[in-house]
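Taking it in order: structure first as C-alpha cells, then the write-up.
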Amino acid sequence: YPACHPALCHSERSEESPVVREPRGTPDGGFLAPLGMTDGMTGGLTDLFNAQVKRTPEAVALTFGGTRLTYAGLDAAASRLARQLADDGAGPESIVALCMDRSIEIVVAIIAALKAGAAYLPLDPAYPPDRLAYMLADSRAIKTLSAEDVDLTPDHPATQPPSNPQGANLACLI
C-alpha cells in the first residue's frame, strides 16, 4: 500500500502537540538524496515532481489497468485537486485522509495533498469501519478523499494551489 518510507517520514502524537516531526537522515536534520537531486530545491517532493513535469510533460507517468497518464496530465489532475483541498482548508500541518485502493487516483491524491502543503494519511478501504473511524478521529484529518473525488478528465483547466510547501512540512502520517 502506498505510504512514506520510515526513513523519510515519522510522526508521533503528544499531549502538547498533535503532530511532532522527527526528521531522520543527516545529523543536521536533512535527508539523504542522490548527488544533484536536490539542487535548487526548496519545497521537497513537489519541486522534484514539478521539475520532472517541465522536463518530460508528454512522457507517460502512470499506467494502471487500461489508463495511462502523462506527467502533464498527472500535474493538471493533482493541481486541480490541490486547489480544491486548499480551498477546503488544507495546508501546512493539516492532514488529508486518502481512503482508496491502489490506483492512479491515489497517486494523484498524494501529489495533490503535498501540493496543497498538507500531509496525507493512507487508509485501506478494506479496514473495518470502526478502525477507519478511529484513525480519522486520531489523525484529525480535515478531509477524507475517495477515488470518486479525483477528476482525471484532461480537458478541465488546472490552477496551481496557493500553497508553497516546504521540505520541513509533514508529508505523510502512518
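All of the numbers you see were taken from the coordinates with simple rules; none came from a lab. Please read all numbers here as calculations on a predicted model, not as lab measurements. Positions of Cβ are generated from backbone atoms using ideal geometry, with glycine treated the same way; all protein chains shown enter the neighbour counts.
Scan the range 91-106 for residues that are touching a helix residue (DSSP H, G or I) at 6+ places or on another chain (Cβ under 7 Å), over 15 Å from A126 (Cα atoms) and not charged (D, E, K, R) and jot them down. Hits for the range 91-106 are I95, V96.
Tallying residues that are surrounded by fewer than 18 Cβ atoms within 10 Å (Cβ to Cβ) and either polar (S, T, N, Q) or in a loop (DSSP other than H, G, I, E, B) (or both) within the range 116-143 yields 7.
Kindly evaluate I95 against the criterion of being under 22 Å from L45 (Cα atoms) and surrounded by 22 or more Cβ atoms within 10 Å (Cβ to Cβ). Against the criterion (under 22 Å from L45 (Cα atoms) and surrounded by 22 or more Cβ atoms within 10 Å (Cβ to Cβ)), I95 qualifies.
I'm trying to understand the selection: among the residues of the range 71-114, which are among the charged types (D, E, K, R) and without any contact (Cβ under 8 Å) to a residue 60 or more places away in the chain?
D87, D88, D101, E105
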